[in-house]
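Chemist: Shown below is the structure under consideration.
The values are calculated or read from the model by the stated rules, or taken from the named source; none is laboratory data. Model, not experiment: these values are computed from the prediction. Neighbour counts run over all protein chains shown; Cβ positions are idealised from the backbone, glycine included.
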Amino acid sequence: MRPIADNFSSILKNKKFKPSIIVHGGAWKIPKGQWKKHIKGCGYAAQTGYQIMMDGGTAVMAVVEAVKVMEDDPTFDAGVGALLNLLGEVELDAIVVDGAGTRSGAVAVVKNIKNPILLALKVMELTPHRLLAGRGAELFAKKIGIGKCRTRDLVVGRELRRYELLRKIRDFEIADAFRVNRGGTVGAAAIDENGDLAAATSTGGVPMKLPGRVGDTPILGSGAFADNRSGAASATGWGESIMKAGLTKAACDYIGKGVLAGRAARMAINELGRVWKGLGGVIVVDKFGNLGMAYNTPQMAYAKIGRNGNLSAGVD
């Protein structure tokens, strides 16, 4: 992808609505030694999505491609580099939501699919369904020409070592992954030049999960939500608690009540922790193009490009 143009300020003047995008690379205790990779990966994903919108593409196209970039990056827990379940397998979940009518498509517990976000998009575009899981999703992928990859194409040495370590810990609890271990789900939310919103999220789940476990990611209103009347949001964190909170729908509902993106994100995360004792993070774009993020884990990796066209990325 070509880098963001230096003259974006002049290009932006001709846009009907100035696009903006925000992405996340997971909310957990990210070791400082991994910050640089997380910042670089998130930054490239945000640039990819933003460039698509600057070239006239939709918010849906932008968030899907941004998430695909992170699925292909072994830094994150999505696609290549995903966490392993209790049996040492890779099972992936993904969702994409179009704020125009809140159309959505999702897949859960899919194996041997390198980019589940592309499959989720096709569920939205080509079927009357919102969610396909397991073998059914894999058969659908075959039918539409999305090829299978090998399990070893998704597994990285870091996760094999983590798996061997965690299987020896009898009292390991899933929630610990977001305080001291790993939880690098990826996601994006954007608004395009037409004012259309979209969100997308992809994950390998949590470490040592039971086979067949489905977390918040592919669940509309939990892992992602978008509605042109309010906003778009993508979540990351402890899925079981995020589902209780309906985290992304909650954030967008706050926007619908007149709250801007930043405060809406903080209010939703505050409720996640206070009411549901949950852990996680959320990124938000409101219908005006404002960006927001909040989390109650030690850190969250992110990148964002606002209406002025400037990129910022970090691990906070």
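Chemist: Any idea which residue in segment 289-316 is farthest from Asp73 (Cα to Cα), counting only those that are of a type in the set (Ser, Thr, Tyr) and part of a strand (DSSP E or B)?
Modeler: Of all residues in segment 289-316, those of a type in the set (Ser, Thr, Tyr) come to 295, 297, 302, 312.
When the remaining residues are screened for being part of a strand (DSSP E or B), the result is 295, 302, 312.
Details: Tyr295: 23, Tyr302: 14, Ser312: 19 Å.
Across segment 289-316, the extreme among qualifying residues is Tyr295.
Chemist: Further question on the same structure: Any idea which residue in segment 191-220 is surrounded by the most Cβ atoms within 10 Å (Cβ to Cβ), counting only those that are farther than 18 Å from Glu71 by Cα and touching a Phe, Trp or Tyr at 6+ places or on another chain (Cβ under 8 Å)?
Modeler: Applying the filter and picking the extreme gives Ile191.
Chemist: For segment 81-109, which positions are acidic (Asp, Glu) and farther than 17 Å from Cys149 by Cβ?
Modeler: As a first pass, look at segment 81-109 and keep what is acidic (Asp, Glu): 89, 91, 93, 98.
Of everything in segment 81-109, just one residue is acidic (Asp, Glu) and farther than 17 Å from Cys149 by Cβ, namely Asp98.
Chemist: A further question on this structure: Kindly indicate which of Leu12, Leu87, Leu92 is in contact with a Gly (Cβ under 7 Å, 6 or more places away or on another chain) and either of a type in the set (Val, Ile, Thr) or at pLDDT below 95 (or both).
Modeler: Selected residue: Leu12, the only one of Leu12, Leu87, Leu92 that is in contact with a Gly (Cβ under 7 Å, 6 or more places away or on another chain) and either of a type in the set (Val, Ile, Thr) or at pLDDT below 95 (or both).
Chemist: Scan segment 28-46 residue by residue and report those that are touching a helix residue (DSSP H, G or I) at 6+ places or on another chain (Cβ under 9 Å) and either β-branched (Val, Ile, Thr) or buried (at least 17 other Cβ atoms within 10 Å of the Cβ) (or both).
Modeler: Scanning segment 28-46 gives Trp28, Ile30, Gly41, Cys42, Tyr44, Ala45, Ala46.
Chemist: Is there any pair linking a residue in segment 30-44 that is closer than 18 Å to Gly187 by Cβ and at pLDDT 90 or above to one that is surrounded by 14 or more Cβ atoms within 10 Å (Cβ to Cβ) and of a type in the set (Asp, Glu), with Cβ under 7 Å and at least six apart or on different chains, and which?
Modeler: That search, which allows pairs on different chains as well, returns Gly41/Asp73.
Chemist: Same structure, new question: Among the candidates Arg135, Arg161, Arg152, which residue alone is surrounded by fewer than 19 Cβ atoms within 10 Å (Cβ to Cβ) and modelled with pLDDT under 90? Step through it out loud before you land on a result.
Modeler: Values: Arg135 fails: modelled with pLDDT under 90; Arg152 fails: modelled with pLDDT under 90.
Of the residues listed, the single one that is surrounded by fewer than 19 Cβ atoms within 10 Å (Cβ to Cβ) and modelled with pLDDT under 90 is Arg161.
Chemist: Can you pull out every residue in segment 233-248 that is crowded, with 22+ Cβ neighbours inside 10 Å, out of contact with any Leu (no Cβ under 8 Å at 6 or more places or on another chain) and over 11 Å from Thr217 (Cβ atoms)?
Modeler: Result: Gly246, single match.
Chemist: Sticking with this structure for a sec: Would you pick out the residues in segment 249-272 that are in a helix (DSSP H, G or I), of a type in the set (Lys, Arg) and either in contact (Cβ under 8 Å) with a residue 60 or more places away in the chain or over 18 Å from Leu220 (Cα atoms) (or both)?
Modeler: Going through segment 249-272, the residues in a helix (DSSP H, G or I) turn out to be 249-256, 261-272.
Subsequent filtering for residues that are of a type in the set (Lys, Arg) retains 249, 263, 266.
The answer is Arg263, Arg266.
Chemist: Quickly run through segment 47-64 and pick out the residues that are crowded, with 24+ Cβ neighbours inside 10 Å and over 16 Å from the mean Cα position of the chain (by Cα).
Modeler: Ile52, Met53
Chemist: Looking at Val69, Val123 in this structure, which one is buried (at least 18 other Cβ atoms within 10 Å of the Cβ), under 21 Å from the mean Cα position of the chain (by Cα), part of a helix (DSSP H, G or I) and without any contact (Cβ under 8 Å) to a residue 24 or more places away in the chain? Break it down stepwise before answering.
Modeler: Values: Val69 fails: without any contact (Cβ under 8 Å) to a residue 24 or more places away in the chain.
Only one candidate qualifies: Val123.
Chemist: Arg229 versus (1) within 29 Å of Lys32 (Cβ to Cβ); (2) at pLDDT 95 or above: which is the lone unmet condition?
Modeler: (1)
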